[in-house]
Amino acid sequence: MKRVDEHLADILGAIRQLPPLELALPESYGGVLAEPVTAPVDLPPFDNSAMDGYAVLAADVAAASETSPVTLAVAGDIAAGDQGAYDIDPGRCARIMTGAPLPAGADAIVPVEWTDGGTAEVTIRRSATPGHYIRRAGEDVTAGTTVLPAGTRLGAAQIGMLAAVGRARVLVRPRPRVAVLSTGTELVEPGEPVGPGQIWDSNSFALTAAVTEAGGVGFRAGSVGDDPREVLATIEERLASADVIITSGGVSMGAYDVVKEVLSGLGTMRFEKVAMRPGKPQGFGLLDDRVPVFTLPGNPVSAYVSFQVFVRPALRALQGLPPEPPRTVRARLTAPVTSPGGLRHYLRAVLSPAEGEHHVAPAEAQGSHQVFALSSSNALIVVPEDVTDLRTGDTVDVLELP
Ligand SMILES: Nc1nc2c(c(=O)[nH]1)N[C@H]1C(S)=C(S)[C@@H](COP(=O)(O)OP(=O)(O)OC[C@H]3O[C@@H](n4cnc5c(N)ncnc54)[C@H](O)[C@@H]3O)O[C@H]1N2
Ligand code: MOO
Ligand SMILES: [Mg+2]
């Protein structure tokens, strides 16, 4: 059987980065910058007030105190968006709002709380020194600074940065669009009644959500029965609009395992047994020279674990992102586990922080159909290929689930 690392390396070796697209900012979320972005102007672009108050000459208020307040004439108001129409001379000030440009001559801001709030004249009860509550032009960013290097993933703060330097559109490798298809004649849409022998489709929902968790855009392509023509037609239909296709089911040894049947020989598709549990039967390849296709095993826990191990890293690679920092922690087993050896065993488990170290409790139910044990877990214990027996108190690698 093929080793997990070898299969992952083959997948990552086949992945080509998505071509950059110019997107409007609202569409760019989760994209990875394909250009460095520099600030065309200083930020702030002009000296402005950090407080609602009065723009003054610091020298005028240098001696102001509770016991000997200073009274100044108020020339007028400067709101944010105004152009700073007043010149501040000795004895005069202007009422100013947060973000409004500092008027010529003024060199300090007195917050309104230190005054009587007057509009024709104002009495000031505390002193201020030059520069007080003034936000200087360029103190955040100077013009020409690279504010976001190429390769940055755009989250809320980065999109805010782009808008703050005036960018409306940006070149990014977008979040991969991933079509998710369940296969199986036994599958029924949740919400519909199930008849004898039928079950509700859970994989297409779980995998679409896993795509979102991994930074992609998932689309459910629904579920199709084990009909070769229908399966092939649905996959072909998605090739034009998807960057990645994920199927579940139909890749093992069964008489109706049609995914393997219809995709074998197409593009670079290969179907292999990977030395892991769950998730042994795997298929991967490129169709149309472009679209990575993952055919994951149908058992729900197998499909989910396969996604975490193989698809999640591939989605990052499509955007040109470096491999994710390890989500593995070392933890002490609270119960013994056994493993067949010769394969990597991913055991569903609950990881909890304890004093100075993590503890991990393996779930009792480890069947690849047992979704309850998976939904009650927050981690996978990773038992290496060469280990068969672990005792309570042994330290193991644990992969935290997203
Ligand atoms: N003779 C052998 N039989 C099996 C082997 C083997 O090596 N030799 N491997 C087993 C392993 S391991 C796995 S994993 C499964 C993989 O099966 P398939 O990928 O062919 O998937 P199906 O046969 O279509 O379904 C398997 C199982 O999963 C349920 N399923 C499928 N899709 C969904 C879905 N969308 N939502 C919920 N449940 C789903 C399906 O009803 C079956 O119970 O093969 C073993 N057999
Ligand atoms: O490999 Mo299957 O995925 O163990 O149930
Ligand atoms: Mg099967």
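Across region 48-135, Cα-Cα distances exceeding 19 Å account for 23% of all pairs.
In terms of packing, defined here as the mean over residues of other Cβ atoms within 10 angstrom, the peptides 49-58, 266-275 line up highest first as 49-58, 266-275. Ordering V274, N203, Q17 by the projection of their Cα atoms onto the charge dipole of the chain, which places +1 on the Cβ of Lys and Arg and -1 on the Cβ of Asp and Glu, puts V274 at the extreme positive end.
Relative contact order of region 48-135, taken over Cα pairs closer than 8 Å and 6 or more residues apart, is 43 percent.
Less than 5 angstrom separates the built amide H of T145 from those of A39, all sequence-distant by 5 or more or on a different chain.
Distance from the C-alpha centroid of region 307-353 to that of region 159-202: 23 Å, rounded to the whole angstrom. In region 130-208, the C-alpha radius of gyration followed by the widest Cα-Cα span (Dmax) gives 24.8, 82 angstrom.
Rg and Dmax of region 253-294, both derived from C-alpha coordinates alone, stand at 10.9, 31 Å.
List the lysines whose Cα sits under 17 Å from the Cα of K2, skipping any in the same chain fewer than 8 residues away. The reachable lysines, counting only those whose Cα sits under 17 Å from K2, are K273, K280. According to the Kirkwood relation over distinct C-alpha pairs, the hydrodynamic radius of region 260-384 is 16.1 Å. Average 1/r across all pairs of distinct alpha carbons in region 328-400, invert it, and you get the Kirkwood radius: 12.1 Å.
Which whole-number percent gives the relative contact order of region 76-196, counting Cα pairs below 8 Å spaced six or more residues apart? Dividing the mean separation by the residue count of region 76-196 yields 14 percent. Rounded to whole Å, the principal axis extents of the Cα atoms in region 187-262 read 37, 29, 21, largest first.
So, with +1 on the Cβ of K and R and -1 on the Cβ of D and E, and no other charges, what is the size of the charge dipole of the chain about its Cα centre, to the nearest 20 debye?
The dipole of the chain has a size of about 960 debye.
By the Kirkwood approach, averaging reciprocal distances over each pair of separate Cα atoms, the chain gets a hydrodynamic radius of 25.7 Å.
Positive end of the dipole of region 118-221 (Cβ unit charges, origin at the Cα centre): among L162, V172, G216, the Cα lying farthest that way belongs to L162.
Each of P336, H358, A373 was scored by the projection of its Cα onto the charge dipole of region 328-400, and the greatest displacement toward the positive side belongs to A373; charges sit on the C-beta of Lys, Arg, Asp and Glu. When peptides 201-211, 284-294, 323-333 are ranked by their average number of other Cβ atoms within 10 Å per residue, the highest-first order is 201-211, 284-294, 323-333.
Taking amide hydrogens as placed 1.01 Å from N in the peptide plane, the amide H of L21 sits under 5 Å from those of V172, R173, each at least 5 positions away in sequence or on another chain. By DSSP, the beta bridges lying fully in the chain are antiparallel in about 65 percent of cases. In the chain, the DSSP-assigned H stretches of four residues or longer account for a calculated mean residue ellipticity at 222 nm of -5000 deg cm²/dmol, using -39500 (n - 2.57) per stretch and the full residue count as denominator.
Every number in this text was worked out from the coordinates using simple rules, so none of it is lab data. What you are looking at is a predicted structure, and each value in this text was computed from that prediction instead of being measured. With ideal geometry, Cβ positions are generated from the backbone for all residues, glycine too; neighbour counts draw on all protein chains shown.
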